[in-house]
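In what follows, a structure is listed as C-alpha cells, so that the remarks can point back to it.
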Amino acid sequence: MTGFVLASRHGCGHERSADARKASMKGLEALRFLLELCAVAALAIAGASASWVLAILLPLALIIFWGRFIAPKAARRLRDPLRLGIEIVIFTAVGTSLAIAGRPIAGVALAVLSIAVALALRATGSRA
C-alpha cells in the first residue's frame with residue numbers, strides 16, 4: 001500500500017526514470033561537445049609545437065571534417081559503425097599528438113574520455 005501511495009503522489013516511477021535517462025543523455029551530449037572543443041585546442045597546442053602554420057591548419061582541418069561528416073547536423077553524416085571508427089581514430093590521433101607535444105597525461109585522458117563518451121552515447125541511443 002505504501003508503494004501505491006508514493007507512486008500516486010510522485011508520479012509513476014517510469015516517468016522519473018525516463019526523465020533521468022534524458023537528463024543523463026543531455027549531460028553526455030554536453031560533455032561530448034566540450035571534448036570536441038578540447039580536441040580542437042589540443043591540435044592547436046600540438047601544431048604549435050611544430051610550427052604556427054600547423055597550429056592553425058590542424059584545428060581547422062578537424063573543424064571542417066567534423067562539421068561535414070561527424071556532427072549530428074552534418075549534411076553528409078557518416079553512418080555507424082564507420083563514423084564511430086573514424087571518431088576513435090581521430091580521438092586517438094589527437095591524444096597521441098598532444099602526448100608527442102609534451103603533454104602525455106592530457107593526451108591519454110582526452111583520448112580515453114572522448115572514446116568512452118562516444119561509446120556511451122551510442123549505448124544510450126543519442127544522435128550526437
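Of all the listed residues (78, 121), the sole one being in a loop (DSSP other than H, G, I, E, B) and surrounded by 14 or more Cβ atoms within 10 Å (Cβ to Cβ) is 78. Answer yes or no as to whether residue 41 is modelled with pLDDT of 80 or more, assigned to a helix (DSSP H, G or I) and more than 19 Å from residue 116 (Cα to Cα). It is true that residue 41 is modelled with pLDDT of 80 or more, assigned to a helix (DSSP H, G or I) and more than 19 Å from residue 116 (Cα to Cα). Please verify whether residue 104 is exposed (fewer than 13 other Cβ atoms within 10 Å of the Cβ) and either farther than 30 Å from residue 18 by Cβ or modelled with pLDDT of 95 or more (or both), treating the condition exactly as stated. Against the criterion (exposed (fewer than 13 other Cβ atoms within 10 Å of the Cβ) and either farther than 30 Å from residue 18 by Cβ or modelled with pLDDT of 95 or more (or both)), residue 104 does not qualify.
The values are calculated or read from the model by the stated rules, or taken from the named source; none is laboratory data. In this text the structure is predicted, and so the values were computed from the model without any measurement. Positions of Cβ are generated from backbone atoms using ideal geometry, with glycine treated the same way; all protein chains shown enter the neighbour counts.
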